[in-house]
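Following: one structure in structure tokens, then a few remarks.
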Amino acid sequence: MAPERRRVVVTGLGVVSAIGVDEETVWASLLGGRTGLGEIRGFDVAGNAVTIGAEVDVGPLDARQKGKLRRADRTLRFAVEATRQALAGAGWLTGEEEGDEEGDEEGGGEAPVLPIGSIWGCGCGPAGTLYESHRRFAEKGPAGMRPSTVPNCMANSISAGVSIRFRLGGTNQVVVSACTSSTNAVGQGFRAIRHGYADAVLCGGVDAFFDPFYYGVWNNLGVLSTLPDPERALRPFDADRAGTLLGEGAAALLLESAESAARRGVRARGEVLGYGESSDASHITSPEIAGQVRAIRAALADAGIEPEDLAYVNAHGTATESNDVTESRSIREAFGAAADRVPVGATKSYFGHTLGASGTLEAVGTLLALEHGVAPPNLNLDRPDPECDVRLVGVEPLPLGRGPAMKNSFGFGGGNGVLVLGRAGD
């Protein structure tokens with residue numbers, strides 16, 4: 001007999017990004033067409049061909065965390081704040097627990113353990129700590145290495161740090177699959193709840209890699225836009241696009257069974273209806289249509305819907321030459337005639353390409369678009385590329401019809417992850 005398929009709702013959202021560190025500011029920026037891209041100021045970018053990125057203003061985090069995470073990697077600081085917002089919004093935190101940043105740096109102490117998992121997606125791990133550790137080793141050798149280097153440099157220090165700080169007693173793990181990481185994390189949490197292995201899972205994504213090493217190697221990869229104006233440089237699906245630009249940030253979704261949310265009396269902000277994944281199995285950096293189509297069709301089948309049922313697609317939309325054309329052709333092949341009707345938007349021109357965090361950051365934007373019934377503009381889409389033969393959202397907000405949305409994520413390594421997200425109550 002097939003296992004019971006429980007409904008999985010989203011009861012909390014959290015976001016830390018270059019366009020805002022709360023959902024209200026993020027939504028206002030998306031609707032108002034305000035990008036977070038600008039000249040990088042967090043480190044010396046001399047010697048790099050591209051000096052534009054989407055950096056987070058940590059001032060609001062400093063005010064809330066009050067220095068209690070001063071030794072933590074930037075990824076953990078972002079993840080903690082996104083988690084705090086999501087748990088608070090879902091009614092899992094009291095006012096006292098929300099102020100835990102006043103307490104010791106290790107976390108929740110004697111607070112009760114919550115029956116919630118912690119699954120995070122991250123492409124680079126704690127990049128700042130890794131860079132500083134390598135620099136210290138180069139300068140001082142083994143004698144200069146701190147004993148804390150090992151736990152602080154583990155990729156799973158992110159999920160573990162969140163779990164410890166908020167006393168989350170469910171599964172604790174990090175998914176590393178490049179730009180698909182946090183979409184895969186949401187997919188894992190969704191399946192665990194749907195099939196009864198958990199009632200609640202905090203699914204997040206985070207990356208922060210503005211340091212001389214990580215940024216430098218990306219700069220040399222040849223995929224970053226060399227257009228000089230930060231507000232115009234990232235142009236998904238535009239004929240004059242010149243490449244992507246990097247951003248940092250974090251987002252978290254508190255997933256919960258519909259029964260659990262109803263029992264606790266909290267409102268759903270949306271619903272995860274389906275998830276599909278695949279591997280291109282062809283090339284480490286070049287995307288492939290057939291693999292993407294398999295993931296899209298799997299997500300639609302999992303949700304039990306047809307392409308024409310969708311109200312919106314939030315595309316991976318990196319603004320690179322290969323991605324945008326490949327993704328458009330994948331949507332066309334998977335959707336058929338529905339590709340002429342379903343609007344397609346991309347939001348990396350707001351957040352920057354946040355790598356492992358992009359799936360959850362853009363999923364938050366997608367859920368807000370469904371909640372408000374309007375898709376954010378496609379920034380800088382002045383001349384849509386005729387090779388991108390889908391119905392693209394224009395440079396103005398677009399009212400959405402009823403129906404769910406699709407969120408695509410496609411990463412280096414050939415990993416593909418696709419979510420189908422619904423409005424609350426549909």
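Every number in this text was worked out from the coordinates using simple rules, so none of it is lab data. Small disclaimer: the values here were computed from a predicted structure and weren't measured. Positions of Cβ are generated from backbone atoms using ideal geometry, with glycine treated the same way; all protein chains shown enter the neighbour counts.
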Query - Loop chymotrypsin sites (Phe, Trp or Tyr not before Pro), the range 329-382, which have at most 14 other Cβ atoms in a 10 Å radius of their Cβ (DSSP) - result: none
Query raised in the report: Which three semi-axes in whole Å describe the equivalent ellipsoid of the range 274-422, each the square root of 5 times a Cα gyration tensor eigenvalue, listed largest first?
Result: 20, 17, 15
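Looking at the range 192-278, which chymotrypsin sites (Phe, Trp or Tyr not before Pro) are DSSP coil and have at most 15 other C-beta atoms within 10 Å of their C-beta?
Here the chymotrypsin sites (Phe, Trp or Tyr not before Pro) that fit, given the DSSP loop and packing criteria, are TYR197.
Hey, could you grab the Kirkwood Rh for the chain? Inverse mean 1/r over distinct alpha carbon pairs, Å, one decimal.
Working: mean 1/r = 0.0471 Å⁻¹.
Roughly 21.3 Å, rounded to one decimal.
Rank-order 376-383, 62-69 by packing density, defined as the average count of other C-beta atoms within 10 Å over each peptide's residues, highest first.
Details: 376-383: 21.2, 62-69: 14.9.
Packing order, densest peptide first, comes out as 376-383, 62-69.
Could you tell me what fraction of 2.2 N^0.38 Å the Cα radius of gyration of the range 185-334 comes to, as a two-decimal ratio? Provide the component values of the computation, followed by the final result.
Working: Rg = 18.4 Å, N = 150, 2.2 N^0.38 = 14.8 Å.
That works out to 1.25 for the range 185-334.
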Requested in this report: For the range 1-97, would you read off the P(r) tail past 22 Å as a percentage of all alpha carbon pairs?
Outcome: 46
**Report entry** Simple spin-label estimate for ALA49 and LYS140 in nanometres, 7 Å along Cα-Cβ
**Finding:** 3.7
Query - Protection-proxy order for peptides 299-306, 77-84, 393-400, each taking the mean of Cβ atoms within 10 Å per residue, highest first - result: 77-84, 299-306, 393-400
